[in-house]
Number of protein chains: 4
Amino acid sequence: MTISLDALNAAPAAEFTAHLGAVFEHAPWVAEAAAARRPFATVEALFSALREAVAAAPEARRLALLTGHPELAGRAARAGRIAQASIAEQAAAGLDRLSEAEFARFEALNAAYRERFGLPFILCVRRHGRASLLRRFEARLASDPETERRSAEAEVLRIAALRLDALVTGAGALRVAGRLSTHVLDTVRGGPAMGVAVELAELVSATESVVVARAETNADGRTDAPLIAGRPVPVATYELRFGLGDHYRRAGLDLPDPPFLDLVTLRFGVAEPEGHYHVPLVASPWSYQTYRGS
Amino acid sequence: MTISLDALNAAPAAEFTAHLGAVFEHAPWVAEAAAARRPFATVEALFSALREAVAAAPEARRLALLTGHPELAGRAARAGRIAQASIAEQAAAGLDRLSEAEFARFEALNAAYRERFGLPFILCVRRHGRASLLRRFEARLASDPETERRSAEAEVLRIAALRLDALVTGAGALRVAGRLSTHVLDTVRGGPAMGVAVELAELVSATESVVVARAETNADGRTDAPLIAGRPVPVATYELRFGLGDHYRRAGLDLPDPPFLDLVTLRFGVAEPEGHYHVPLVASPWSYQTYRGS
Amino acid sequence: MTISLDALNAAPAAEFTAHLGAVFEHAPWVAEAAAARRPFATVEALFSALREAVAAAPEARRLALLTGHPELAGRAARAGRIAQASIAEQAAAGLDRLSEAEFARFEALNAAYRERFGLPFILCVRRHGRASLLRRFEARLASDPETERRSAEAEVLRIAALRLDALVTGAGALRVAGRLSTHVLDTVRGGPAMGVAVELAELVSATESVVVARAETNADGRTDAPLIAGRPVPVATYELRFGLGDHYRRAGLDLPDPPFLDLVTLRFGVAEPEGHYHVPLVASPWSYQTYRGS
Amino acid sequence: MTISLDALNAAPAAEFTAHLGAVFEHAPWVAEAAAARRPFATVEALFSALREAVAAAPEARRLALLTGHPELAGRAARAGRIAQASIAEQAAAGLDRLSEAEFARFEALNAAYRERFGLPFILCVRRHGRASLLRRFEARLASDPETERRSAEAEVLRIAALRLDALVTGAGALRVAGRLSTHVLDTVRGGPAMGVAVELAELVSATESVVVARAETNADGRTDAPLIAGRPVPVATYELRFGLGDHYRRAGLDLPDPPFLDLVTLRFGVAEPEGHYHVPLVASPWSYQTYRGS
């Protein structure tokens, strides 16, 4: 349930804290500290106040903010003993549907990480595809304690920013969302290609892919909505798939069997979850091009 | 073992027939008939003589030429009771390594075809990938007897042409081979991309692919030899895979992680086994293009 | 001076006619006839009423509508003896700045046309570049009287539509404007190219070109405003010129002297004045591409 | 008249010198010195011997090699009082057809250069287009004496290499030639575009261009011979012009009038006269691409 920034500015302190208490897991004191600094002109200013409250807290509290965080795909998550927001975030990343082998792998990584750094492994999962999540886990396990302490705190802030963005409406919104869009141009007829089936898949491993969006191009050659929007674009390798052969068959062109181009696949990586990835297809039945556009 | 056209022209008729007797399966009479028309100026002229010998034969013989052909992936093939050339051809198409389920499917198709047309199903397997072979089988099963009789004879001639081409050297060679080649251009540095790993896979089904060639680009951005040459390019859907990310990493460019382009895949279909398919990749770290070139 | 559709609907008939009387040259009777059909829900409906008033007029009036039209670059225009709107339209097309030779050519064409068809040559000049205007003149001179009569009336309506669009604001605007825009993508850095100088020239003849717009790309790689908008895009051959070499020099790339690509020119034709021509440049220092986009 | 390396190796020393005496202008002593080092296995080895003879010569002789060189477009050249080879080279660069104004400009530059450095301005004119030649002249005029002395000697060697290459045949030829070629691909039909008119022009100034080659594409989409080959590609800005609209009209496509693409122009710079510039056009009626290929 969202609340407006104006309502938050006007609410009694207790209510403010009640609304925002879960933005930092098990740490309502962050919201309490920020309540005193109202009113906020923008959501960004509110988030800054929360961030500064964390920075100003005594070391023990700051550490507790990290140690209180649930593990990724951990036993507590499995047993439902973590905060509501965490349950939803981990589920969105597919961490509630792991095979036994995958669960065991996370168990081992979690244990190794906790052993090495004395902290749970914290990552803003909504910013990562599954392959990226595991790669970061392994990379950070090889890091040093000081760097990891900073990384963990940075991730807690990223998680908090996304939660705040989902809770509060108002001016000066946080820039937590990216965008992934496409566009199909028909170079035989010199205009947008309409009615082309488009599929976006996340390549989870060398052999596994998960379709994350399906759409059809409209009269402008675009999909009615971006393929991913209103959220971070998870760091991952993606494949866009276009039914180009069907488009040209419908257009009545005489194509060989099989056609030179039929299902066209564009494989690309996303490294900036808050970035805009426009990946167009400019194509004839015998040629195509793509690029990162804007 | 190859023999020169000159030697064939000069040989006693019996020797000529011995050399070419297996070009048409179980039908040395075709070579016998052609022997009398020597000398031949070109291999093409020799092949024409063989084709005309078939055309001039009495109906019973022409029919026997078809009925005597081994089935694809049939029991006789499995038991090794077919001509040496057929064994090699079917093995090259992977028909000797079918799973039990695939073998059963061929059995059923063969039986249905023989039941419907009174002929074994004949197809020049070297001109088809596995998916294409099954599609043609199904398409021809739905055809009519007259068309099928003509198709079967045409395929016998295609098989014979490939066998003759492999046996006889000399002027005026048959045009039985196609070519599949590639070329990688680096548009950041404006020249050929050297040392790029290239892989060509045949997409056998929606989930299965078989790597048919691996190579690395040379200083001219090409592979030292075409990816497929000296034989028909099997009708199939292919995927070319390029290690573009590695190329730009080696060149010292600062790429995001994961890079926008890493493994680039180009998917295309081949419909003319005797055609030249040049499929270049013109790429920067953020854009690429391909087309059917020449 | 513009007036709103609402005001026109509410005005006394005489005032309505006064406002719209010049939409059809020397023919206030067209507006008078339409006044009786008020109110109009849209500007399009108003235009339809004007068009129907023309269609319903007696033959003599319809013919007078054509014969009363000024010639292109004619003596009357030169002497300022034509309607204010015509003066502006002809001036916008450069017809008031012809050399003596060009003026003489128009004189000859006008005379030949009037001799052949008994009408002045009528063309909606705002929809044509100078070369197109002359080509149409010559093509129509070779036409037959019946076709020409229809063409002349169609052009009168096009002229009227543009005049009406400039005079009246309100819902349901006429679709009389096209658009010409561009976009520069840098495929070395994978994003919009900012600060690129762009020039649009109309190619008047094989040797003469006239710059019609100059701009610089912004942070999104586009120009702040379309290069042509809010009016028909004149039928013509254009050349877009981009300072691509300067862009890559500013970016610090090490380019040869002279660079492979420096001033990049894209030459293209516009045939639909009311269409949208998006002509992007996707470029590295060693490659570029364009297409008609959307 | 050419001579073989073998013949030069076998000839009496005087004959050797007679043949090669003009390779270095007014300096047969260079050839004389090299004669003693025969036989040469390759033309490259012969050239090395000539270069080393220059390097080993006493300062006065080396200086005379420079001072004895004719000026570009100088009075001596005009009066025909320079070596035969120089006359031909300067004529090929168009320096014998200068307007009075251009001649005056060269006069002034020559005088300033001689005044500043005590040497004639020496440049291997066959490696430069006219605009490049003037730019180099101005750039070198701003240089310092030591650099200029080295530049002048380097240019003398380049001139000598081209003369030697034209005189002597044999193994190990000098690499003095570049290449400029093109290729037209039709992405509507997926193959080479045949019969496309191609024109190559050197852009001499902002307003002047000189056509240096005309050709038509063959069945492979290439011109029968490269547009420039067997000589250095002059440093210059070029424009390739393709009759693409005519190609698609001949192919029966329904194009607007004027077509979106009609005469397609590709403008590019050449900075390495000994390089290979392959500049293809990959095009449909609504899109095109080019790049520096190989």
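If B:A193 satisfies every condition in (1) under 30 Å from A:L133 (Cα atoms); (2) of a type outside the set (D, E); (3) touching a residue at least 40 places away in the same chain (Cβ under 8 Å) but one, which is the exception?
Going through the list (1) under 30 Å from A:L133 (Cα atoms); (2) of a type outside the set (D, E); (3) touching a residue at least 40 places away in the same chain (Cβ under 8 Å), B:A193 breaks only (1).
Quick one: how many residues across region C:37-81 are touching a helix residue (DSSP H, G or I) at 6+ places or on another chain (Cβ under 8 Å) and in contact (Cβ under 8 Å) with a residue 40 or more places away in the chain?
15
Within region C:260-290, take every residue that is over 22 Å from the mean Cα position of the chain (by Cα) and either among the basic types (K, R) or more than 10 Å from chain B (Cβ to nearest Cβ) (or both) and give me the one that is surrounded by the fewest Cβ atoms within 10 Å (Cβ to Cβ). Spell out the reasoning first.
At the first step, the residues of region C:260-290 found to be over 22 Å from the mean Cα position of the chain (by Cα) are C:260-265, C:281-290.
Among the residues that remain, those that are also either among the basic types (K, R) or more than 10 Å from chain B (Cβ to nearest Cβ) (or both) are: C:262-265, C:281, C:290.
Values: C:D262: 20, C:L263: 18, C:V264: 22, C:T265: 14, C:L281: 22, C:T290: 25.
Among those that are over 22 Å from the mean Cα position of the chain (by Cα) and either among the basic types (K, R) or more than 10 Å from chain B (Cβ to nearest Cβ) (or both), it is C:T265.
Quick check on this structure: which one of A:S143, A:S132 is hydroxyl-bearing (S, T, Y) and either touching a Gly at 6+ places or on another chain (Cβ under 9 Å) or under 25 Å from A:A201 (Cα atoms) (or both)?
Residue meeting the stated conditions: A:S132.
Given the options B:F16, B:F47, B:F40, name the one that is in a loop (DSSP other than H, G, I, E, B) and touching a Leu at 6+ places or on another chain (Cβ under 8 Å). If you could, list the steps in order and put the result at the bottom.
On the way: B:F16 fails: in a loop (DSSP other than H, G, I, E, B); B:F47 fails: in a loop (DSSP other than H, G, I, E, B).
Exactly one of B:F16, B:F47, B:F40 is in a loop (DSSP other than H, G, I, E, B) and touching a Leu at 6+ places or on another chain (Cβ under 8 Å), namely B:F40.
From A:G80, A:G21, A:G74, grab the single residue that is exposed (fewer than 14 other Cβ atoms within 10 Å of the Cβ) and modelled with pLDDT under 95. Quick ask: steps written out before the conclusion?
On the way: A:G21 fails: exposed (fewer than 14 other Cβ atoms within 10 Å of the Cβ); A:G74 fails: exposed (fewer than 14 other Cβ atoms within 10 Å of the Cβ).
Only one candidate passes the filter, namely A:G80.
I'm checking my understanding of the structure. Among residues of region D:197-209 that are more than 10 Å from every other protein chain (Cβ to nearest Cβ) and touching a residue at least 60 places away in the same chain (Cβ under 8 Å), which one is surrounded by the fewest Cβ atoms within 10 Å (Cβ to Cβ)? First the steps, then the outcome.
Taking region D:197-209 first, the residues more than 10 Å from every other protein chain (Cβ to nearest Cβ) are D:197-202, D:204-205, D:208-209.
The next check asks that each one be touching a residue at least 60 places away in the same chain (Cβ under 8 Å); those that pass are D:202, D:204-205.
On the way: D:E202: 22, D:V204: 17, D:S205: 10.
Checked region D:197-209; the qualifying residue surrounded by the fewest Cβ atoms within 10 Å (Cβ to Cβ) is D:S205.
Within the group A:L109, A:L157, A:L123, which residue is part of a helix (DSSP H, G or I) and at pLDDT 95 or above? I'd like the intermediate steps shown before the answer.
On the way: A:L109 fails: at pLDDT 95 or above; A:L123 fails: part of a helix (DSSP H, G or I).
Being part of a helix (DSSP H, G or I) and at pLDDT 95 or above holds for just one of A:L109, A:L157, A:L123, which is A:L157.
Inside region D:277-294, can you point out the residues that are part of a loop (DSSP other than H, G, I, E, B), farther than 20 Å from A:P192 by Cα and without any contact (Cβ under 8 Å) to a residue 60 or more places away in the chain? Reasoning before the result, please.
Let us first name the residues in region D:277-294 that are part of a loop (DSSP other than H, G, I, E, B), namely D:279-280, D:285-286, D:292, D:294.
Now restrict to residues that are farther than 20 Å from A:P192 by Cα: D:279-280, D:292, D:294.
Correct list: D:R292, D:S294.
Pick from region B:216-258 the residues that are more than 12 Å from chain A (Cβ to nearest Cβ) and hydrophobic (A, V, I, L, M, F, W, C): which of them is surrounded by the most Cβ atoms within 10 Å (Cβ to Cβ)?
Only one residue tops the list, namely B:V233.
Exactly one of these conditions fails for D:G293: (1) at pLDDT below 95; (2) within 13 Å of another protein chain (Cβ to nearest Cβ); (3) touching a helix residue (DSSP H, G or I) at 6+ places or on another chain (Cβ under 9 Å). Give me its number.
(3)
Looking at (1) of a type outside the set (F, W, Y); (2) modelled with pLDDT under 95; (3) within 14 Å of B:H128 (Cα to Cα), can you tell me which one B:T207 breaks?
Unmet condition: (3).
If you check B:R135, B:R114, which single one turns out to be more than 20 Å from B:I82 (Cβ to Cβ) and either more than 14 Å from the chain's Cα centre (by Cα) or in a helix (DSSP H, G or I) (or both)?
Numbers: B:R114 fails: more than 20 Å from B:I82 (Cβ to Cβ).
Checking each option against the conditions leaves just B:R135.
Check off (1) more than 30 Å from B:V23 (Cα to Cα); (2) more than 14 Å from chain C (Cβ to nearest Cβ); (3) assigned to a loop (DSSP other than H, G, I, E, B) for B:R189 and give me the number that stays unchecked.
(2)
What pairs come up if the first residue lies in region C:118-137 and is more than 21 Å from C:G68 (Cα to Cα), the second is among the polar types (S, T, N, Q), and their beta carbons are under 8 Å apart, counting only those six or more places apart or on different chains?
That search, which allows pairs on different chains as well, returns C:G129/C:T237; C:A131/C:S205; C:A131/C:T237.
When region C:237-276 is examined, which residues are found to be assigned to a loop (DSSP other than H, G, I, E, B) and in contact (Cβ under 8 Å) with a residue 60 or more places away in the chain? Can you show your working first?
Kept after step one, since they are assigned to a loop (DSSP other than H, G, I, E, B), are these residues of region C:237-276: C:251-262, C:271-275.
Matches in region C:237-276: C:A251, C:L253, C:E272, C:P273, C:E274, C:G275.
The values are calculated or read from the model by the stated rules, or taken from the named source; none is laboratory data. Please read all numbers here as calculations on a predicted model, not as lab measurements. Positions of Cβ are generated from backbone atoms using ideal geometry, with glycine treated the same way; all protein chains shown enter the neighbour counts.
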